[in-house]
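What follows is a set of notes on a single structure, which appears directly below.
The values are calculated or read from the model by the stated rules, or taken from the named source; none is laboratory data. What you see is a predicted model, and the numbers here were worked out from it, not measured in a lab. Here the Cβ is made from the backbone with ideal geometry for all residues, glycine too, and neighbour counts use every protein chain on show. In case anyone asks, the SASA skips ligands and DNA or RNA and just uses the protein heavy atoms, side chains included. Shrake-Rupley method; radii C 1.70, N 1.55, O 1.52, S 1.80 Å.
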Amino acid sequence: MDIQTERVGDTCVVTASGRLDGIYSTAFANQIGELITGQSPKILIDFTDVDMVTSAGLRALLLLMKKVSEAHSVFALCGVNAEVQEVFDISGFAGFLSIHPGRAEGLAALESSSRQ
């Protein structure tokens, strides 16, 4: 899995590509987790190029959600393809993840959530 980060305003945008599986999930959670404890309380994870999420990947996302909650920050996903969305739907994750069609929608949602 390849992970790139960039700053868009006061949001850290993470672009992930590859598979979020048992091999890469720990590194994924650690890299994103470092952003949560740093100076980036708003994180948007672009899943456009993520082609697979396994149970280990779901666990990594669950750990990130816990860390985000403890840090009183926010994060969202965008660009989730149909196959990954199906995994989120079946696992029940779709009900508590903030998922947006594209980057612009995700950034707008994070911006409005920080105003509340």
**Prompt:** Share of the chain's accessible area from carbon and sulfur, percent, 1.4 Å?
**Reply:** 52 percent
**Asked** What net charge do the residues around ALA16 carry, taking every other residue with its C-beta under 14 Å from that of ALA16, with Lys and Arg at +1 and Asp and Glu at -1?
**Response** -4
**Message:** Quick check: residue separation of SER55 and SER113 times 0.36 nm, minus the Cα distance between them. What number comes out in nm?
**Reply:** 18.0 nm
**Request:** State in Å² the accessible area per residue of region 1-43; use a 1.4 Å probe, count heavy atoms of protein chains only, and round to the nearest integer.
**Result:** 50 Å²
**Asked** Cα convex hull of region 58-101: mean projected area in nm², to one decimal?
**Response** 3.0 nm²
**Request:** Give, in whole angstrom and from largest to smallest, the semi-axes √(5λ) of the equivalent ellipsoid of region 11-76, with λ running over the eigenvalues of the Cα gyration tensor.
**Result:** 19, 13, 9
**Fill in**
Length-normalised contact order of the chain, Cα under 8 Å, at least 6 apart, in percent, tallies to 25 percent
**For the chain, the fraction of alpha-carbon pairs in successive 5 Å shells from zero, as %** = 2, 12, 24, 28, 22, 9, 2, 0
**Asked** Once every DSSP H run of n ≥ 4 in the chain is given -39500 (n - 2.57) and the sum is divided by its residues, what mean residue ellipticity at 222 nm do you get, rounded to the nearest 500 deg cm²/dmol?
**Response** -14000 deg cm²/dmol
**Message:** Tell me the per residue accessible area of region 69-116 using a 1.4 Å probe; a whole number in Å² is fine.
**Reply:** 58 Å²
